[in-house]
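Below: the structure, in structure tokens.
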Amino acid sequence: MEKTQAFNPYMPSYEYVPDGEPHIVGDRVYVYGSHDKFNGWNFCLNNYVCYSAPLDDLGDWRYEGEILRREQDPEAKGLMLFNGMAAPDMLTGPDGRFYLYYFIGGTKMISVAVCDEPAGKYEFYGYVHYEDGTPIGKEGGPLQFDPGIFLDDDGRLYLYTGFGLKSNPIILEGSKPSLEGPMCYELDPKDMLTVKKGPMHIGVCGEANSKGSGYEGHEFLEASSLRKFDGRYYFIYSSLQSHELCYAVSNEPTKGFVYGGTLISNGDIGLLAYNGKTKGGERTISTASNDTGNTHGSLIEINGQYYVFYHRQSNRKQSSRQACAEKIRFENGKFYQAEMTSCGLNEGPLEGKGRYPAHICCNLYGKKKTKFLSMIKRPFFGVPYLTQDEPDYKEEEGKNPPKQYVKNVCDKSVIGYKFFDLSNTKKIKLLISGNAKGRVEVWGKDRCLGSKRIELLKDVASVTVFLEGGSENEPIFIHFEGKGHFSFYEFTLE
């Protein structure tokens, strides 16, 4: 059976599921994450949902439905909707049931829900607590946040948690930050809730203790996740830079972690890569190829290939985040920073024939360059951006879903896609609309493949650019220079 091509973002364009934690159950991979509301005024405003895909077809993602609602948590009742359902993690317990560990802002505790299926209807189970029944975080101390849960081969159970930014009063809400790095608790696997030992600091440094540690510039912020590969422990986290996922490595799960490197940046910062800044030329490692924001995710091995899961921002603000994933190189115990692409989970470059949505771009910027986004929308002048044509959408509504597209393509805009097999591609057709006059150029890695003058007057138009000189592993950078602006919906390769 023919496999489905995989794109980034790998979920539907109207779906906003950041903070993805991938886990294999049987012959499928399941992703658990937060759930942003499109154009929401804060993070994580929707209930938890789950998506899954067959291990042998990572382009065929299935919506599993809503798995947990905010009001099911006793301590969340009565809290303002500002307090979103933050990044969860899932674990298959020793009893064969599935445990979802999560955090709701304002509760100050780590909650747990349980289900008999990996993506069924979870029921509230309890709060992680000390032996006397006091929930961790309930009576002060460093903020519990973004739980990562890990069951070791010897049956010992560990919870990793924490938030390391001292200047965020909204998230901290009176709690202390984890300035010395993430916290670890050993839990009792018999009930999955009771603390046997902890909190412990595992050696991953925060803002207060990084000098001389090797973590300088990449100190712990949030997004704790632990994985084990080839007998060693890999702690994945978001650094104080926020746009990057980093990792640390140790021979033990509770101590001795040393900084390993960057896994991915959602602006490709720190990675020397082609992104069209000089019409296909090589960019500097300190500049971003997209508007950046926070990111969160983890690592997984599937069929001998390693992948990093993360998210990107859209809609000119931080809180419309989308799930992405990339292949990542792993050699001799070391991970090497992955490049953002459009082909992500695909087995190779995308086909040079067929129709593709514009929103699968992996580079996007204009003459105003890029910036780290906030909760307030970035002004659109000189900025092309991703958005959708209808309000927030839920599968259960049964309506026609909205479509994401690139809006406000204006002078000096660049829209990048990686990678395609263009060895036999003769032309590209762009579906666009707006008021614009100028030239569209299509660049590959280091040369112009074709160009076309355009003049648009509101109506939707198909613009054909003939291509020459594409290779089997070629990026596509669409440049526009001229007056006015237009929206970009899709392109067809022939």
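The values are calculated or read from the model by the stated rules, or taken from the named source; none is laboratory data. Note that the structure is a prediction, hence the values are computed from the model and not measured. Backbone-built Cβ (ideal geometry, glycine too); neighbour counts: all protein chains shown.
Of the candidates 449, 457, 431, the single residue that is of a type in the set (A, V, I, L, M) and touching a Ser or Thr at 6+ places or on another chain (Cβ under 7 Å) is 431. Could you please let me know if residue 220 is touching a helix residue (DSSP H, G or I) at 6+ places or on another chain (Cβ under 8 Å) and under 21 Å from residue 103 (Cα atoms)? No; evaluated as a whole, the condition is false for this residue.
Residues in the range 1-44 that are among the charged types (D, E, K, R) and closer than 19 Å to residue 55 by Cβ: 2, 3, 21, 27, 28. Do the conditions hold for residue 69, that is, is it free of Cβ contacts under 8 Å to residues at least 24 places away in the same chain and within 28 Å of residue 403 (Cα to Cα)? So residue 69 passes the test.
Among all residues of the range 362-378, there is at least one that is under 25 Å from residue 275 (Cβ atoms), surrounded by 19 or more Cβ atoms within 10 Å (Cβ to Cβ) and more than 21 Å from the chain's Cα centre (by Cα). If you scan the range 182-198, which residues turn out to be more than 28 Å from the chain's Cα centre (by Cα) and either charged (D, E, K, R) or within 20 Å of residue 164 (Cα to Cα) (or both)? Hits for the range 182-198 are 188, 190, 191, 196, 197, 198.
Checked against the criterion of being touching a Phe, Trp or Tyr at 6+ places or on another chain (Cβ under 6 Å), over 30 Å from residue 257 (Cα atoms) and not assigned by TED's automatic domain parsing to the domain that holds residue 233, the range 363-386 has no qualifying residue.
Selection of first residues in the range 254-283 that are among the acidic types (Asp, Glu) and of second residues that are at pLDDT 95 or above and not in a loop (DSSP other than H, G, I, E, B), restricted to Cβ pairs under 8 Å at least 6 apart or on distinct chains, gives the following pairs, ordered by first then second residue: 268/363.
Kindly indicate whether residue 323 is in the same structural domain as residue 217 (by TED's automatic domain parsing), over 15 Å from residue 33 (Cβ atoms) and in contact (Cβ under 8 Å) with a residue 40 or more places away in the chain. No: the conditions fail for residue 323. Tallying residues that are crowded, with 23+ Cβ neighbours inside 10 Å and hydroxyl-bearing (Ser, Thr, Tyr) within the range 344-361 yields 0. Apart from one condition, residue 139 fits all of (1) at pLDDT 95 or above; (2) part of a loop (DSSP other than H, G, I, E, B); the exception is (1). Residue pairs whose Cβ atoms lie under 7 Å apart, separated by 6 or more positions or on different chains, with the first residue in the range 329-348 and within 13 Å of residue 308 (Cα to Cα) and part of a strand (DSSP E or B) and the second among the aromatic types (Phe, Trp, Tyr) and at pLDDT below 95, do not occur.
The combined condition, being part of a loop (DSSP other than H, G, I, E, B) and farther than 20 Å from residue 180 by Cα, is fulfilled by residue 133. Every condition in (1) modelled with pLDDT of 95 or more; (2) part of a strand (DSSP E or B); (3) in contact with a Gly (Cβ under 9 Å, 6 or more places away or on another chain); (4) over 21 Å from residue 290 (Cα atoms) is met by residue 422 except one, and the failing one is (2). Looking only at the range 437-494, residues that are more than 23 Å from residue 419 (Cβ to Cβ) and either touching a Leu at 6+ places or on another chain (Cβ under 8 Å) or free of Cβ contacts under 8 Å to residues at least 60 places away in the same chain (or both) come to 15 in all.
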